[in-house]
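The values are calculated or read from the model by the stated rules, or taken from the named source; none is laboratory data. This one's a predicted model, so the numbers in the text were calculated from it and none came from an experiment. Positions of Cβ are backbone-derived with ideal geometry, glycine not excepted, and every protein chain shown enters the neighbour counts.
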Amino acid sequence: MDRCFCGREGAVFLHYSSKHLCEQHFIRMFDKRFRKTVRMGKMISKGDRIAVGLSGGKDSTVLLHSLAELKKDLPFEIVAITIDEGIAGYRARTMKPAKSECEKLGIEQHIFSFKELCGKTLDDIMKKDREHIPCSHCGVLRRYALNKAARELELDKLALGHNLDDMAQTVLMNIMRCEPSRLARLNEPLTRNARLVPRIRPLMMTPEKEIAIYAMLKGMPIERVECPYARFAFRGHVRKMLNESEERYPGTKFKVVNSFLEIEDALRGKYGKTAVISECSSCGEPCSKGVCMFCRLQKS
Ligand code: SF4
């Protein structure tokens, strides 16, 4: 039988390090890595007011719980922000657990919707738009809504549930689309615009599968529902490619993200000047060109 180093029966196999861990040591390793990521990235300081982008999916729910645990040792505030994109049969199912987890942890939650933001749900937008894929609208609107909400609530940082898989996908997507200046901004420690709330990703070194296992072992109520628009995304293609590589060459996702972390300073040195963040000439929100993507998509 495959056993943990402590002699107990192994519950989780970490294929990238060829280790079996029992439940207890898996949870300990998970929590330790979470805290190390926060510490190494200097993500949270004493007294910070942290916004958590909470969708109710496994990543953001685990993020909320892990931050609530960390808060017992490092005094800071947590406020959850949930965005309802207006995707029938999908978002409503994850909003319920998001609300109940906030109530359970005593965390204030604010809910905003695309409908309030631009008068339309994502479903309404996609009925008319044949030019863009749903994720283009959704990503732009969600980033815009989260940043605006966090800033208006006077929160210092915005914590996102992006995991190792998301990070590795984003690095490769930026390379495959030849967008080095976007890649240079991916993990920027400090914002260069007062209207842009700095983003932190405390789960960026945690594989997606381990987040799912952790949520299950901790008994978190996770809805296993996939967005009906996910199949249109370029990200889906990159995800499949990375999962296949990981299967054949364990540790690939860590290697992609670690390679990026090794070169990010050099990338910022080269592209930092071209990636200046100014204000949209139409709505005043942060943007890198004259009119922001949100306003351009509203007019398309
Ligand atoms: Fe939005 Fe695309 Fe994610 Fe669906 S898959 S929630 S449309 S970004």
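Every residue, every condition in (1) in contact (Cβ under 8 Å) with a residue 12 or more places away in the chain; (2) more than 16 Å from the ligand (Cβ to nearest atom); (3) at positive phi, yes or no:
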{"residue": "Val38", "(1), (2), (3)": "yes, yes, no"}
{"residue": "Lys42", "(1), (2), (3)": "yes, yes, yes"}
{"residue": "Asp48", "(1), (2), (3)": "yes, yes, no"}
{"residue": "Ala51", "(1), (2), (3)": "yes, yes, no"}
{"residue": "Gly57", "(1), (2), (3)": "yes, no, no"}
{"residue": "Thr61", "(1), (2), (3)": "yes, no, no"}
{"residue": "Ala68", "(1), (2), (3)": "yes, yes, no"}
{"residue": "Pro75", "(1), (2), (3)": "yes, yes, no"}
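Summed over the range 98-124, the residues that are farther than 30 Å from Lys46 by Cβ and either within 12 Å of the ligand (Cβ to nearest atom) or in contact with a Pro (Cβ under 8 Å, 6 or more places away or on another chain) (or both) give a count of 4. Of all the numbered requirements in (1) in contact with a helix residue (DSSP H, G or I) (Cβ under 9 Å, 6 or more places away or on another chain); (2) at pLDDT 95 or above; (3) surrounded by fewer than 14 Cβ atoms within 10 Å (Cβ to Cβ); (4) not charged (D, E, K, R), Ala88 misses one, and that requirement is (2). Residues considered: Cys22, Cys6. Of these, the only one that is over 27 Å from Leu141 (Cβ atoms), away from the ligand (no atom under 16 Å from the Cβ) and surrounded by fewer than 17 Cβ atoms within 10 Å (Cβ to Cβ) is Cys6. Taking the range 125-165 as the range and being charged (D, E, K, R), over 27 Å from Glu108 (Cα atoms) and either part of a helix (DSSP H, G or I) or within 14 Å of the ligand (Cβ to nearest atom) (or both) as the test, the residues that pass are Lys127, Lys128, Asp129, Asp165. Candidates are the residues of the range 213-242 that are within 24 Å of Asp123 (Cα to Cα) and among the aromatic types (Phe, Trp, Tyr); the one that is nearest to the ligand (Cβ to nearest atom) is Tyr229.
Residues Thr82, Thr94: which one is within 16 Å of the ligand (Cβ to nearest atom), assigned to a helix (DSSP H, G or I) and among the hydroxyl-bearing types (Ser, Thr, Tyr)?
Checking each option against the conditions leaves just Thr94.
Determine whether the range 62-78 contains at least one residue that is among the hydroxyl-bearing types (Ser, Thr, Tyr) and in contact with a strand residue (DSSP E or B) (Cβ under 7 Å, 6 or more places away or on another chain). Checked against the condition, which is being among the hydroxyl-bearing types (Ser, Thr, Tyr) and in contact with a strand residue (DSSP E or B) (Cβ under 7 Å, 6 or more places away or on another chain), the range 62-78 yields no hits at all. In the range 219-240, the residues that are touching a residue at least 40 places away in the same chain (Cβ under 8 Å) and more than 30 Å from Ile27 (Cβ to Cβ) reach residues that are within 11 Å of the ligand (Cβ to nearest atom) and not in a loop (DSSP other than H, G, I, E, B) with C-beta atoms within less than 7 angstrom, at least six apart or across chains, in these pairs: Tyr229/Pro134; Tyr229/Cys135; Phe232/Pro134; Phe232/Cys135; Ala233/Cys135. Output yes when any residue across the range 49-66 is assigned to a loop (DSSP other than H, G, I, E, B) and exposed (fewer than 14 other Cβ atoms within 10 Å of the Cβ), and no when none is. No, that holds for no residue. Those helices (runs of 4 or more DSSP H) of the range 196-274 in which at least 2 residues are among the hydroxyl-bearing types (Ser, Thr, Tyr), considering only elements entirely within it, cover 252-271.
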